[in-house]
Structure formats: C-alpha cells, structure tokens
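The values are calculated or read from the model by the stated rules, or taken from the named source; none is laboratory data. All figures in this text were calculated on a predicted structure; none of them were measured in a lab. With ideal geometry, Cβ positions are generated from the backbone for all residues, glycine too; neighbour counts draw on all protein chains shown.
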Amino acid sequence: MSGQPAAGGDRGYVHVYTGDGKGKTTAAFGLALRAAGHGRHVFVGQFMKGRPSGEINALAGSPLIHVEQFGELAGGGSREAKDERARARGGLDRARLAIASGNYDLVVLDEIDVALALNLLTVADVVQVIGERPRHVELVLTGREAPRPIVELADLVTEMREVKHYYRQGVAARVGIEY
C-alpha cells in the first residue's frame, strides 16, 4: 500500500458505475490508472470476463495494478452455470482477501452487478464484503442493474445511459475500443 491518504483524509469511498450505457469498465480502469499514477496499489477483479483485453494487455507486468479474471459466462447447460457460479464465488473470496490484505488502496469489482443479476452471487454476500472493507480502501463496483441495496450503500453512483451507440447500426465490439 502506498501509505498516502486519499484526498479527503484516510477514508476510501464506495463507487458504483451502472446503467445500460457504455463506459463502466472504462471508467473503472481510468480510475485505476489515475490511482497508480499517484503510487497507489490497485486490485481489479473481473467477474464474467475470461478473455484477454486491451486493458489487461497494457497492464501486464504493472507493479501497481493487479488484474484477475473470474470466469466468462458459458452459454448453456446447468453444468456450465454451476461452474460459473463456482468461479464467481471463488472470485468474491479472492476479492475479499485482496480488500482485507492491506496491500491495495483501490479495489475494482468489475461486472459484479452482472454476476448478481444472474444469481451467481448473492446481494447479501456483496453487502457483507462492502461492510467488512477497511476504512482506507476505495471500492468500485461495476455492471448493469446494480441492486438497490448496493446503490444505497454507495457513496458515489454513476449511471451510464445510452443516448446513441453504433452497435445499433450493426457494428460489433471492436478490439482496442470495446475490449
């Protein structure tokens, strides 16, 4: 941990980046880069993602930002769903350890709201993780459909709203832009 107090004292805040618009993960990684630029240590746990992305490639070997992925939604049967649930629970356990370790100033739980919406995790478990967070840890939760109990616990909530998106014109996700 950097040992530097966050602006506003030694207290970390809880952020939620939610909504149907593009940019939740992008905003979280932007904050991670900003924190690292000031010598802060960052842990990013990505739920529902298991493939390489530009942000992971760019951060490979970073001494300040550590990224782990906890699965990718499989398409189909009950076995895949059971495996995905196990990966999500394992990811939450790993995130809980990172938060409690004292090694990180900022922890991002990317797409955790989607894992909640798909019932891979329980809201009660995530609320408990938020409640156990040491006072100095800044915590970011991203994903569509943030549950009301999480929104109510947060200190900052940003809702990304789609106004216009080229996806609606048939443009697929592009390397280096969407992932």
Handout entry: Residue list for region 138-179, filter: surrounded by 14 or more Cβ atoms within 10 Å (Cβ to Cβ) and on the phi > 0 side of the Ramachandran plot
Key = G143
Practice task
Please indicate, with yes or no, whether at least one residue in region 80-95 is assigned to a loop (DSSP other than H, G, I, E, B) and either exposed (fewer than 14 other Cβ atoms within 10 Å of the Cβ) or not hydroxyl-bearing (S, T, Y) (or both).
Solution key: no
Problem - Long-range neighbours under 9 Å by Cβ, at least six apart or interchain, first residue of a type in the set (D, E) within region 52-74, second exposed (fewer than 14 other Cβ atoms within 10 Å of the Cβ) and assigned to a loop (DSSP other than H, G, I, E, B) - result: E72/R51
Practice task
Considering only residues that are farther than 22 Å from G23 by Cα and either touching a Cys at 6+ places or on another chain (Cβ under 6 Å) or charged (D, E, K, R) (or both), look in region 106-137 and name the one that is surrounded by the most Cβ atoms within 10 Å (Cβ to Cβ).
Solution key: R133
Completion exercise
Reported set for region 40-61 where residues are part of a loop (DSSP other than H, G, I, E, B) and modelled with pLDDT under 95 is M48, K49, G50, R51, P52, S53, A60, G61
Completion exercise
Of the residues in region 51-68 that are in contact with a helix residue (DSSP H, G or I) (Cβ under 9 Å, 6 or more places away or on another chain) and polar (S, T, N, Q), the one that is surrounded by the fewest Cβ atoms within 10 Å (Cβ to Cβ) is S62
Practice task
Determine, yes or no, whether G71 is buried (at least 20 other Cβ atoms within 10 Å of the Cβ) and either modelled with pLDDT under 95 or under 21 Å from E178 (Cα atoms) (or both).
Solution key: yes
